[in-house]
Structure formats: C-alpha cells, structure tokens
Amino acid sequence: MTAVPAAATAGTAVPAPGRPAGRPPRTRSRRRRKALLGFLGVLGFGATWELFARSGVVKQEYLPTFTTTVGRLVTELGTTKLWSVVGDTVLTWAIGLALSVSAALVLGTVIGLVPFLRRATHTTVEFLRPIPSVAIIPLAVLLAGLSREAALIVVVYAPFWQVLIQVMYGIADVDTVAQDTARSFGLGRWHRLRHLVLPTALPYVITGFRLAASIALVLTITAELVIGNPGIGLQINLYRSAPDAPGLYALVLVTGLLGLLVNLGTRAIERRVLHWHPSVRREGPQ
Amino acid sequence: SSDAETEPDAPDTPDTTETDAADQADADPVAITIGALSISETAPLWAAVDAGVFAEHGLDVTVQPIQGGAQAMPALVNGDVDFSVGQPFGALRASLQGLDVKIIANYASSYAEGDDINAVVAPAGSDIASPADLAGKRVAVNSLGAAGDLTISAAVEADGGDPSTIEFVEVAFPDAKAQLEAGNIDAAWVPEPFVSMIVGAGGSVVVYPYQAVLPGLPTLVIQATGSTVADDPELVAKVREAFAAAFAWAAENDDAVRQALVDNLNLPAEAAAGLPLPTFTTDLDRDLIQGLADLAVEHGYFDSAPDLAQVIAE
Amino acid sequence: MAERSVLLSVQDLKKTYVSATGPVEAIGSITFDVRPGELVCIVGPSGCGKTTLLKCLSGLLAPTAGSVTLDGAPVTEPPRTMAVVFQEYGRSLYPWLTVRDNVALPLRARGVPRAERTTAVERALEEVGLSQVLHKYPWQLSGGMQQRVAIARAVAYQPEILVMDEPFAAVDAQTRADLEDLVRRVWQDLGVTVLFVTHDIDESVYLGERVLVLSSSPTFVQEDLAIDLPAQRDQLSTRALPRFTELRTHVYEQIQRAKRAETAPTP
Amino acid sequence: MAERSVLLSVQDLKKTYVSATGPVEAIGSITFDVRPGELVCIVGPSGCGKTTLLKCLSGLLAPTAGSVTLDGAPVTEPPRTMAVVFQEYGRSLYPWLTVRDNVALPLRARGVPRAERTTAVERALEEVGLSQVLHKYPWQLSGGMQQRVAIARAVAYQPEILVMDEPFAAVDAQTRADLEDLVRRVWQDLGVTVLFVTHDIDESVYLGERVLVLSSSPTFVQEDLAIDLPAQRDQLSTRALPRFTELRTHVYEQIQRAKRAETAPTP
Amino acid sequence: MSGATIRRAAASFAFAVGLPVLIVLGWALATRDTVNLYLPSPARVAQAFVDTWLDPETITGDVLPSLARFGIGVLASIAIGIVAGTVIGSTPWLRALLEPMLEFFRAIPPVVLVPVLMLVLGIGDSMKLAVIISGSVWPVLLNTVEGVRAMDPVLADTSRSYRIRGPLAYRYFILPAASPQIMAGVRLSLAIGLILMVISEMFSSSSGLGFQIVYFQRQYMIAEMWSGTLLLGLVGVVVAAIFTVVERRVLHWYHGSREVARG
Ligand SMILES: Nc1ncnc2c1ncn2[C@@H]1O[C@H](COP(=O)(O)OP(=O)(O)OP(=O)(O)O)[C@@H](O)[C@H]1O
Ligand SMILES: Nc1ncnc2c1ncn2[C@@H]1O[C@H](COP(=O)(O)OP(=O)(O)OP(=O)(O)O)[C@@H](O)[C@H]1O
Ligand SMILES: [Mg+2]
Ligand SMILES: [Mg+2]
C-alpha cells in the first residue's frame, strides 16, 4: 500500500533540493553548461564521422566527410529548394504527429480507464502494433492515392501505438493513496481525470511524445521515399540515384537536426509542465 | 499529328476533322494524370509535357512521380493516375493476379544490337567474363522475381551455365556500385547511367541480358485499367497518338530532353548529355511480350501463360 | 440532534487481504455503531487493522464479510458527505498542485463557487497555521506542514463525517495541541461526526466522547469506552483532572492486554 | 571514551532552498557540537528545519553556508559510519524487496558476510517486534510496521552515528515505549552516538542526555539543555521523577517561546 | 475453486478473442460483394495463409531465420538500452553530452542509413541486426533514462545514506526503481523490432518473413501479402503474451501493491 514505485510520479513530499528557478543565475549557468556539453557532444560526433570517412573503411564517394557535408548543407541552406522540401516534410510530419498523438491520447485514456475496454482490446492492440507501416502502403495508396494523405495514413499509424501504450502505462501508474484521496473526496470522473490521472500520466505521455515525434519523422521520410510525395525523402531518392552523396548526407543532417529541434522543444515543455516532477526538480541547485 | 505545331492559327478554315479536334482540345482539354518513375527514361515525357505537345492533343497532362511498380497499380486501380508507365513484366504479372490492367502502347525498348541500356556488370578485377561464369555467384537485381533475374537466368542457361546456382539478392540500382566495390556482391544488373559509371570505374559488362535473350525487349510500356480502355477508347487512342507525337518531337529536340534530365533528376549537365537513352516508340512488338511471358512460364516465374489478348489493348 | 439514531453502523466486518504469500486476516470481526454528531476515537496496537477499518468504512475497500451502512444505506463507494485524512499524508497530496489548489480541488469538484472556495480554503489553511505557504508545492513543505495541509483539505470540505487516520503523527506538541482543539471546535461548531484514529492514548481520551479499543490481529472491538469528561475541554485543566488520568490508565491497560494477546504464541 | 573530544561539529550552518517562488531560508544559523557517544534529542516547531538539518549532517544536502565536520573531516557525502531513519518511512523502504532484504541490503553493500548478515537482520527485526513478517513486502505492512522496519534497518547496520527523524511517529504508545528503550539500550550497549529528532517533548527528555531546542524559521539553537536524569531509565519510574517534570516543562516553555516568535508578524 | 478457475480462464479467452472475431466478421461483411483485389475477403486471406505459411520449407527458410534475427536484435536492443540508459540517466553530465546526438540519430530513418551500414557490415545478418537495433533501442533507452531520472527522492536519499552504490545499487535500487518505465519501453521496442525486421529484409535480401511480404506486394499477390501481415500480427500477439508473463514476474511488487490496495 505504501510502495511508491520509484518511477511513479505521485507521492512527493520531500524537502528535496529545490526545483530549478526561473531566473536565478545558478540555474542559468547550469543550463549554459548543459548546452555547452551538448555542443561538445555534437563536435565529438562530427569528429568521429570525419575520422571514419577519412579512414577509408568506406570510400568518400559513398560517405562524404563531415566537413564536406556541412559545407554542402550551408550552400543548400541558401537555396529555396531545400526550404520547400523541408517545409513539405515538416507539414506532413506535423499533421501526422498531431493526428496520431491526439487520437492516441483520447483512446489511450478511455481504454486505460475502463478495465473492460482494456481487456477487450488487448489482443487487437498487440496484433495491430507490430504491423509495419510499409505493409499498409498499398492500402494507403488505394485509399488516398499518391498524395500527402496516403503518406499521412502511414505516418499516423506507428506513432499512434507508441503514445497509446505510454498513456496506458501512465494511467496505470496512479498512486494508490492519491487515488483513494480523490475517491474519498468524491471527485467525479472529469476531475479525477483532469487533476489526478492526467498529471500522473503526463511524464509517460511526454516520453511517448518524444518517441512518437521521431518515429513520425522517420515515417514521413520513408513514406516520401516509397510513395513519392514531395519532401526530404523524395529528394534523398533523387540524390541517391544521381548519385550525389554530399547532397544526400546534407539532407540526413537536416533530418537529424529536425529531430534535435523537436527534442529541444519537448524539453522546454517538460520543464514547464513537469516542474513538480522529481526528474525535473532534482536538477535544481543542490 | 506532329505537324500541328507548324499549322497557323486558322479559325475560319473549313471544317476538317483535324482542326475540329484541335479546336475542341483548345476549348476543353482533357485532364489526365500519368504515373511515371523518376528515372532517365521519363525524360521525353517531362520534356514533351513542358513543351506543350500533349496540350496540342487536347490533353492536360500531370506527370505523377511513382517510386515503384507496386505503388503504380493501386494508384491506377483507384483512379489516382489514369495511365502509368511501367515494366511490361509487372503488367503481365498484375494481369495474372486478376488485376484489371492493360498495356495500351509501348514506351521504351532496349536495343536489339550494340550497347544496350541495361547490363550485368562485374567490378574491376573480376574473373566473371561470360554469362555462364555467373553460375554460383551472388548477383544483384533491383527487385527479385522480375524481368531482371528472369532474363539473366535465361542468358546464363543459354550460355551453358546453371541458373539455379545463382544467388540473386536485391540491391537498389544506386547502391550497386558501392556494393560491388565492397565485394558484397559479385555482379549486378543495372541500367544506365549506372552501367557507364561502373564501367568507367574499371568494371566490365558481362552480358546485356535483354539483348541476349529477347533482343529489343520493351523496357517500359504504357498501361491503363481495363475499364478505361473499355469506357473511353477515344481517350486511349488520343493518348497513344499524343505519345507518338511526343516521341517524334523528342527525337528532334534532344537538348530539351537532356535538360529535363537535369531539371527533374538533378543530374549534372555533362552526365545528362552523355547518358544513353533507350529507343522511344509506341509501337508494341507483341512477339517480344509473348516471348517474355513464355520465358517466365518456362522458368517457373508464372504458373500459367497470360492471355496476351487480355493484356494488350491495341 | 437525534441522539438515539444511528448514523454509521458496522456489522461483523471482516477483512482478509489476499496476497501471493497467502491470505492475511487483518480484521477478524468488528461491530459498532456511531450516532450522528459523535466524536469517536479508535486506538489499537500497530498493525491491528485501524487503517483497514477506515478504508472499509469510507468505501475504499470492499470488506470480505459483514456490512457497513451509512444512514441506513450500505456503503459501496465513497460517500459524498465524508472526508478522509490519510495516514500517508505525503502521498495523498498532489505534487503538481500548490497547497491552495490541493485544498481547493475537492471543493471545485463539488461545484463550490470560486469566491466561496477561496474564502473556505484560506480559512482552513489559517486554522492549521499555514496561511504563509499558499503558493508552495507540497514537496516544498516539511512533513508536519504537509500533514496539516491534508487536514485543512478535509476541514475545508465541510463534511458531515470526518475520518482521520493518525492525523497528528508528524506535528510538534504545540501544534498538535492546537490541532486537537481545532478538531473539537469543528466538531462542536459544525456538528460533524468524527472518527479519529490515533496511537496516542492521552489524545484519544482528551479528544473523544467515546474510545474504541481494538484488539491486535485478528481484530475485534476489545472495549467501547464512553469518555465522561466535560464537553468544554482545555489542554491544561482537562488533562489535569483525576478522571482523565483514570480513563487514560484504563485505556492503557486495555492496550497492554491487546498487545499481550498479540505476543502470545499464535498457531 | 574520550568524553571531551568532538565527534560531529556544526558551525554556522545555514540552508536556503532556492525555488521558483523565491528563496526559502530554512536554517538561519546553527552551531553545536556532539561528543562521541552522546545521545542528543532535537526538538523544535513543525517546519523549523529539523529534517533539513539532518540532511545536511548526513551529507545528503549541501549547506548554503557554514560547515559540518565529522571526526575533523568535512562532510561532503554520506559518511560510511552513519545510519539514517527518514521521517517518510513509507517511501524509504524498497517496495520490490521483502522486509528481510530491505534490512539486509545496507549490510550487503558494506560487505558483511552472508551468515553474519542473516543473524544481524533477524535480531534487529526481532528487536522491533517484526520477526513474523520477514518475507512480506513493505506495502503489505501497516504504517507503524513499516516504520519499525526502517528502524530495524538502521539498527542492523550497526552505525557509529545513528540519525533518526521522528522515527516513532506512527507507532502505538506501547510499541513506542519499547522502541524508546531499544534506542537507549543500543546506545548504551554499542556506544553509538545518537541524534534523535522528535516532536514529543516527554520523549526527548526521557531519551536524551541532551536536548537541543530549535527556534522556528530562520532557525537557530534556542537552547542546549543537558538532561541530568540517571543513566538507567525506566518508563514508569523515570517519568515519575520530579526532575523529569521540571525538565519537560522547561522544554515545553522553550518551544512555546519558539512558536510565539513564529506567530509574531514577520516582514 | 477449480470451477472459478475455469470460469476465469473462459472469461479471459472470451476477452482475448472477442474483438478480433468482431473485426473479422465486419471485414467479411465489408468484402462480401466487392471484388477489389487490394481488399480480399478473410476467407481468401485465410486460404493464402494456409498455402503460404504452413509450408515447412517457408517456415524453416523464411519465418524462423527472421524470428531469430528479431529475437537477437530485440534482446540486444534491450540490453544496450538498459545499460546505456541507466548510465546516461544517472550521470547528468553524460546525458547533457549525449542527448543531442541521441536525438539526432533517432530522427534518421534506417532506410537512409542502410547503404552505409551495408558497406561497413556487408549484406548479411549483421546488417539486418544493425537495422533492427538502430530502431528498437530508443524506447528502452529513453524510458530507462527517464525512469532513472524520476526516482523517488526519499528512496534515493536512503540509498545514498546507506552508501549503496556500484553494481549493488544498480541491481537493487536503480533498475527496480526504473523498472515500470523500462518495461513500458521494452513493450514498445518489441513492436518496433518486428517492424524493423521487415524493413531490414527489404534490402539486399532474398528470404525472410519481411522479404516475403514485400515480395508478395510487388507480385500483386495481395491476399498472400495480407496473410504475411496477419502472421506478423500473430507473432506480435505471441511476443506480447510472453512479455506479459515476464513483466508479471519482474514487476510483481508493483502490480501487487496496486491490486491489493484496490481490494
Ligand atoms: N525542497 C524544498 N523547497 C523549498 N522549501 C523547502 C523544501 N524543503 C523544505 N522546505 C522548507 O524548509 C523549511 C524546513 O523544512 P524541514 O522539513 O526541515 O522542517 P522540519 O523541522 O523537519 O519540520 P517537521 O517537524 O514538520 O518535519 C520549511 O519551511 C519548508 O517549507
Ligand atoms: N496490502 C496488504 N496486503 C497484505 N496485508 C496487508 C496489506 N495492508 C495491510 N495488511 C496487513 O493488515 C494488517 C492491518 O494493517 P493496517 O494498515 O490496517 O494496520 P493499522 O492498524 O493501521 O496499523 P498502524 O497503526 O501501524 O498504521 C497488518 O498486519 C498488515 O500487515
Ligand atoms: Mg494505519
Ligand atoms: Mg521533518
């Protein structure tokens, strides 16, 4: 009755180190330090790439050096083509992610809260989850044609399950004492959902969102590769058959950077909405 | 009619069927979508559409890029594209599986002699010299169970090798060169421009499998669904005519075709200029298609021979 | 107030926990009645089933046998007129809500209008001496402060029955005395019925109108003692009364007996 | 035992929590020394910073200013010779380990051989009256039982310094008396130094050789009182001594003063 | 007792097959009088399933090797994810150092990396394993990092003050504390691993469950393709069932504390 699973979010009451402050200089310098470390990590990665490409294990014809790729990226950044290609991908991805995440949130909450539904949908969910999006491409093309809509079907499919599962786990993680409290004070369904279940599930949802965001990006590009709607994927295909390795890897860099941006955004949201959570609190001054 | 372009504007000339058709076209062009792969063979289509050749035939054409034959079929079936340019083998196979698809014209053909536009190539220093040497080797094709491995098998057999010992693996055309050099595969079947690139890097052509087995075999054909063929024969005829005109125009305007390669495929201008292209024609050689079907049956690719009368609409 | 009628009735209540390591009989059989407006203290050895009993009373746990009826109707889910202060105060506060919002939430759920809510919340927090920490989060408070927030939440809810499980365990002596007087005041002023679990014998005698002494597991009611102290109580004078000492000694002996039964070999 | 030397020294300790709602000065400035083998009780109003002080002492929290030295060396991380019983007993037990494993884990971490470990664990659990629940999980125990498991864990660890934060808050009076005697026994038999936070004034006087009364926040040491009661103490006779009453009244008044300071208007 | 057990087993069976049966019925109704080749009837797919996948040669030649790769790939992912995740999660500076890179890699489609992977690892099993691992480590890794970060502060203080550190801390404190979240990650990884098994067989392959599905798709053998998808789904259900058993064991304390508390 008393165990707080440590991964759980609920019980918290300790005079733990204070949470990160909005302004105090110590926090700001910590954040700067973090950014610096992250930048060092990126540099390290670039250096590894550079060395690997120069080592000759793989010919530079097929894997250009990091510096070549970055150089190419910089030139490409000046062209409108790159931006339109990125814009196409980002649009498909954003729509797909939004649809997928909101559907998963709603369904995950409903299924997670109703034991009957949880039991009844269990096998079906497990059955549908591992079906690869690539296998539904013909169906998607049949339903929606060679368009952004077809790509969307593919993009919505896989991340949906990620978020759904995370939401269901999060909902199951509600602290028992906190739950009893809500029940004893006669909190109705809506209030329990709003003030107990969702805050508890929130850390799970955010992790789910981070997983879903990158999977959706991966699938957007894969769909562009396979279906051929415009975007980074199609462009990668063109560079690949040109063949133009620096162009291709410049696009790979762009893709990775998009992923990075999403993560930065998610972290910022997390710092705001999870400021009470031990994982965020702990990073305060100590 | 290819001379439509040179005809002066003559709205007041007496009715002839030809100008009537042109008038109607001007007034009310039929919008069609043609699915085509993003490969060099599509260049004449892109160029001719841009130059307005299809518009003169009363067709408002959108070229829809397609990433593979498998995607083209559902798009055809659900009407997302009205016509598509694809490999004849795919059409035969789809038809055998009960898909309502028909070949309405030829699009591009390999060369009956000389340097063909696709080849089995081996890397520099390879001891594979003839088709028979491919036996027991690992050979890459872009997709298994299609015209590539079929014609290679037939060519090896014809050369006295045992095709059943060949290990075919799938490698996308653009990756073949690197894989050959890395030694992951012994030989690869690739089209231009990859043939030239690999040969340029010291590799050698082992065999032109199309030429060796069915010289002049169509590489691409124009397809439509059976219902399009049945419901709108005029449109089909018009498309066929327009393509013929487009190819004729393309033959005269090689620069525009090469420019389409640069524009649509990001090819460097020099590469585009030297790129060998197949023969473009709408004249379909039924015998070659029949030969391909027979070969597929012989090598166990098809369970039964497709009925060409069903597949080809002419 | 209808002194004779029964508000809460517990009949032959039995609770056995089923767990992988075998069943645990937490409550053997408990029977007692509570009249409206009573203040009943429950004492008993550690682990005898007090928390379990409160959970059954408040509809949070289904009893294995027996029944709980409130106002004549069986309790199957938490009654809306009941507020519970949990022993594990730390986990019953929501870490994502500020102190004020924690106290206000049940009122919001009950549809109390905003202005009224604010007043009620602020008054309750003032009563427990926490008006300074309105905007802090529970995890920024000390243990005792958290416990007082939980008490304030229950008081602000203005229940008809207030159920408290060792609510003063983590607060200092002075605060404790203040809170004891708060409970008596709330009880007298608002006429609520109070069920109060404690392990402090003096507290049970000082607070209660009646003390239920539970035996050790498997639990039954070992003694149901009426506390005949004057209604107006005072930390200094009441505790100095000879009757107070008598009563607390009596309860102490009862608990000793309960404990001895526990340490006696059981099959 | 070198009575005069200093084991633990707290110099001008200050702790301010930094939070989004502004800094909270939990400890103003605390200075005191503890000699080896002493038993010091710490009392003070709720929220005055007792838990914070213990966390700084045990190297879990870095002080904002001032220093903590143990055996002459500054404390920067949890010292190996110290065992802590946390106020939130419920959350300091590992829910995935049985009671026995919970108690045994620190011994394992210290490399105590298996056989010795088993004996130590079983003896400690017996001391707190829990030999029956060896194989249960913490969440299968009542609050008071959990607290006793946490105490057993600290005792089994055989520390040189035992730090306890309101360790008896959730146990019944009888068990509490037993545990108090256990602490005195452990202290006398093993010669450990004990720091004991409580909010029960009688307990602090009964247990301690010395009582530190803390003021309310921002905290300083309001009084450092030597308890001149006989070394051999007994629940009945010691508590009946006039000197006991004198001392407890004195402490009570000090805490009252501390509380009054708190309620006085602060800027 | 046994009557209750039987009844309970019957109920869980009913729950397991209820919705799938409804879906198949709906599917049969929807395809009753359409002839769309891309949406074959359940009967047609069932027939294709029997013809295609119950053939011993297919089982040993395609299905089992694929499943073996899936198994190895996923186990490796879990191991890597948990080990790396605990280290990264409990070392703030390391997390700051690596997080941008990890996020970078996560966003890159395996399809794009395959050509380079092929050059380094060849076109055999190791490349396919690399593809599987490259995608399915992330859920475990991320969830482990988050689980380790979200540790209960009181529990963390307890461990620190008793100086429980090193391997013992991982074994008895950090991993169990993070385990509910790690298991959520493992569950996601299993499905992604299966998907990537298919994707890895889309390149330089000539056999395997995934290859067959893609092959059937290109051969317009649509019923066969759907039957392969069906098989994948069934594999998913079996894998999930195994996972549930393992999870029940690993998290018995977690579920125990919840269930009992609910009476
Ligand atoms: N993490 C935190 N962030 C901000 N303020 C805190 C934090 N933890 C404790 N405080 C504040 O520090 C003060 C002292 O808290 P502490 O827990 O040390 O008190 P305590 O003496 O142990 O009280 P109690 O007897 O109630 O347990 C309190 O005012 C509390 O609000
Ligand atoms: N979830 C559970 N599973 C198994 N046994 C349990 C569970 N919860 C409580 N018990 C057992 O039931 C008995 C009564 O527990 P309960 O918490 O009601 O005691 P309590 O009287 O509140 O004790 P305390 O004063 O220490 O809080 C104990 O022996 C305990 O071990
Ligand atoms: Mg209890
Ligand atoms: Mg405290």
Has the range D:104-117 got any residue that is touching a Leu at 6+ places or on another chain (Cβ under 8 Å), open to solvent by less than 10 Å² (accessible area, probe 1.4 Å) and within 30 Å of D:Gln11 (Cα to Cα)? no
Determine which single condition C:Thr119 fails, assuming it passes every other condition in (1) more than 16 Å from ligand 3 (Cβ to nearest atom); (2) more than 28 Å from D:Ser46 (Cβ to Cβ). (2)
Contact list please: Cβ distance under 7 Å, first residue in the range A:84-107 and of a type in the set (Ser, Thr, Tyr), second residue outside any helix (DSSP H, G or I), pairs at least six apart or on different chains. A:Thr89/A:Gly231; A:Thr92/A:Gly231
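Here is a yes/no grid of residues against (1) in contact (Cβ under 8 Å) with a residue 24 or more places away in the chain; (2) acidic (Asp, Glu); (3) closer than 18 Å to A:Ser184 by Cα; (4) touching a His at 6+ places or on another chain (Cβ under 6 Å):
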{"position": "C:Thr31", "(1), (2), (3), (4)": "yes, no, no, no"}
{"position": "C:Val43", "(1), (2), (3), (4)": "yes, no, no, no"}
{"position": "C:Lys55", "(1), (2), (3), (4)": "no, no, yes, no"}
{"position": "C:Ser58", "(1), (2), (3), (4)": "yes, no, yes, no"}
{"position": "C:Gly66", "(1), (2), (3), (4)": "yes, no, no, no"}
{"position": "C:Phe86", "(1), (2), (3), (4)": "yes, no, yes, no"}
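Pull up the range B:256-310, narrow it to residues that are outside any helix (DSSP H, G or I) and of a type in the set (Asp, Glu), then point me to the one that is nearest to B:Ile104 (Cα to Cα).
From the range B:256-310, those outside any helix (DSSP H, G or I) are B:266-268, B:275-285, B:299-307; that's our starting set.
Among the residues that remain, those that are also of a type in the set (Asp, Glu) are: B:283, B:285, B:303, B:307.
Numbers: B:Asp283: 10, B:Asp285: 12, B:Asp303: 24, B:Asp307: 15 Å.
The qualifying residue nearest to B:Ile104 (Cα to Cα) is B:Asp283.
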Can you list residue pairs whose Cβ atoms sit under 9 Å apart, with the first residue in the range A:178-189 being more than 7 Å from chain C (Cβ to nearest Cβ) and more than 20 Å from C:Gln147 (Cβ to Cβ) and the second being aliphatic (A, V, I, L, M) and open to solvent by 10 Å² or more (accessible area, probe 1.4 Å)? Count only pairs 6 or more apart in sequence or on different chains. A:Arg189/A:Leu113
Quick count over the range B:258-293, residues being in contact with a Phe, Trp or Tyr (Cβ under 6 Å, 6 or more places away or on another chain) and more than 23 Å from B:Ala237 (Cβ to Cβ), is 2
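Restricted to the range B:72-109, and to residues that are among the polar types (S, T, N, Q) and touching a residue at least 24 places away in the same chain (Cβ under 8 Å), which residue is nearest to B:Gly148 (Cα to Cα)?
In the first step, residues of the range B:72-109 are kept if they are among the polar types (S, T, N, Q); the result is B:78, B:84, B:87, B:95, B:97, B:106, B:109.
Cutting the leftovers down to touching a residue at least 24 places away in the same chain (Cβ under 8 Å) gives us B:84, B:87, B:95, B:106, B:109.
Numbers: B:Ser84: 20, B:Gln87: 11, B:Ser95: 19, B:Asn106: 19, B:Ser109: 14 Å.
It comes out as B:Gln87.
Suppose we keep only residues that are part of a strand (DSSP E or B) and in contact with a helix residue (DSSP H, G or I) (Cβ under 8 Å, 6 or more places away or on another chain) within the range D:42-75. Which one would you say is farthest from ligand 1 (Cβ to nearest atom)? Before the answer, list the steps.
Taking the range D:42-75 and keeping what is part of a strand (DSSP E or B), we get D:42-43, D:65-70, D:73-74.
Adding the requirement that they be in contact with a helix residue (DSSP H, G or I) (Cβ under 8 Å, 6 or more places away or on another chain) leaves D:42-43, D:68.
Working: D:Ile42: 9, D:Val43: 9, D:Val68: 15 Å.
For the range D:42-75, the residue satisfying everything is D:Val68.
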Please determine whether any residue of the range D:150-163 is more than 19 Å from D:Val99 (Cα to Cα) and within 16 Å of ligand 2 (Cβ to nearest atom). no
Can you tell me which condition D:Ser215 does not meet? The list is (1) more than 16 Å from ligand 4 (Cβ to nearest atom); (2) buried (at least 21 other Cβ atoms within 10 Å of the Cβ), and all the others hold. (1)
Give the residue that is most open to solvent (accessible area, probe 1.4 Å), with candidates limited to residues of the range C:47-92 that are away from ligand 2 (no atom under 16 Å from the Cβ) and within 7 Å of chain A (Cβ to nearest Cβ). C:Arg80
Does C:Gln132 satisfy the criteria of being surrounded by fewer than 24 Cβ atoms within 10 Å (Cβ to Cβ) and either within 14 Å of chain D (Cβ to nearest Cβ) or within 16 Å of ligand 3 (Cβ to nearest atom) (or both)? yes
Looking only at the range B:10-42, count every residue that is over 17 Å from A:Gly228 (Cβ atoms), open to solvent by less than 40 Å² (accessible area, probe 1.4 Å) and modelled with pLDDT of 50 or more and tell me the total. 1
Among the residues of the range C:157-165, are any crowded, with 24+ Cβ neighbours inside 10 Å, farther than 30 Å from C:Gln256 by Cβ and touching a helix residue (DSSP H, G or I) at 6+ places or on another chain (Cβ under 8 Å)? yes
If a residue has to be of a type in the set (A, V, I, L, M) and open to solvent by 40 Å² or more (accessible area, probe 1.4 Å) to count, how many in the range B:185-210 make the cut? 4
Taking the range B:128-146, which residues are open to solvent by less than 30 Å² (accessible area, probe 1.4 Å) and closer than 30 Å to E:Ile213 by Cβ? B:Leu134, B:Val139, B:Ala140, B:Val141, B:Ser143, B:Leu144, B:Gly145, B:Ala146
Of all residues in the range D:18-41, count the ones that are surrounded by 18 or more Cβ atoms within 10 Å (Cβ to Cβ), more than 9 Å from ligand 1 (Cβ to nearest atom) and β-branched (Val, Ile, Thr). 3
Looking only at the range D:138-193, which residues are of a type in the set (Phe, Trp, Tyr) and either within 16 Å of ligand 1 (Cβ to nearest atom) or within 12 Å of another protein chain (Cβ to nearest Cβ) (or both)? D:Trp139, D:Tyr157, D:Phe168
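Okay, residues lined up against (1) in contact (Cβ under 8 Å) with a residue 24 or more places away in the chain; (2) surrounded by 23 or more Cβ atoms within 10 Å (Cβ to Cβ):
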{"site": "E:Val145", "(1), (2)": "yes, yes"}
{"site": "E:Val148", "(1), (2)": "yes, yes"}
{"site": "E:Val154", "(1), (2)": "no, yes"}
{"site": "E:Tyr162", "(1), (2)": "no, yes"}
{"site": "E:Leu168", "(1), (2)": "no, no"}
{"site": "E:Ser179", "(1), (2)": "yes, yes"}
{"site": "E:Val198", "(1), (2)": "yes, yes"}
{"site": "E:Ser204", "(1), (2)": "yes, yes"}
{"site": "E:Ile213", "(1), (2)": "no, yes"}
Within the range B:147-169, the residues that are open to solvent by 10 Å² or more (accessible area, probe 1.4 Å) and within 11 Å of another protein chain (Cβ to nearest Cβ) are B:Ile166, B:Glu167, B:Phe168
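Would you kindly identify the strands (runs of 3 or more DSSP E) lying entirely within the range B:117-200 that contain at least 1 residues that are over 23 Å from B:Ala272 (Cβ atoms) and of a type in the set (Asp, Glu)?
Values: elements: B:118-122, B:138-141, B:167-170, B:187-191.
In the range B:117-200, the matching strands (runs of 3 or more DSSP E) lie at B:167-170.
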Can you find even one residue in the range E:141-162 that is out of contact with any strand residue (DSSP E or B) (no Cβ under 9 Å at 6 or more places or on another chain), of a type in the set (Asp, Glu) and closer than 30 Å to B:Ser143 by Cβ? no
Since D:Ser142 meets every condition but one in (1) open to solvent by less than 40 Å² (accessible area, probe 1.4 Å); (2) under 22 Å from E:Ala156 (Cα atoms); (3) within 16 Å of ligand 3 (Cβ to nearest atom), which condition does it not meet? (2)
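Anything in the range A:137-151 that is open to solvent by 20 Å² or more (accessible area, probe 1.4 Å) and in a helix (DSSP H, G or I)? List them, or say none. I'd like the intermediate steps shown before the answer.
Just the residues of the range A:137-151 that are open to solvent by 20 Å² or more (accessible area, probe 1.4 Å), to begin with: A:139, A:143-144, A:147-149.
A:Leu139, A:Leu143, A:Ala144, A:Arg148, A:Glu149 - these are the residues of the range A:137-151 that are open to solvent by 20 Å² or more (accessible area, probe 1.4 Å) and in a helix (DSSP H, G or I).
Find the residue count for the range E:96-117, including only residues that are more than 9 Å from chain A (Cβ to nearest Cβ) and either open to solvent by less than 30 Å² (accessible area, probe 1.4 Å) or closer than 29 Å to A:Arg30 by Cα (or both).
Result for the range E:96-117: 1.
The values are calculated or read from the model by the stated rules, or taken from the named source; none is laboratory data. Please read these numbers as outputs of a predicted model, since none were measured by experiment. So basically every Cβ, Gly included, is an ideal-geometry build from the backbone, and we count neighbours across all protein chains shown. Please note that ligands, DNA and RNA were not included when accessible areas were found on the heavy atoms of the full protein model with its side chains. Shrake-Rupley method; radii C 1.70, N 1.55, O 1.52, S 1.80 Å.
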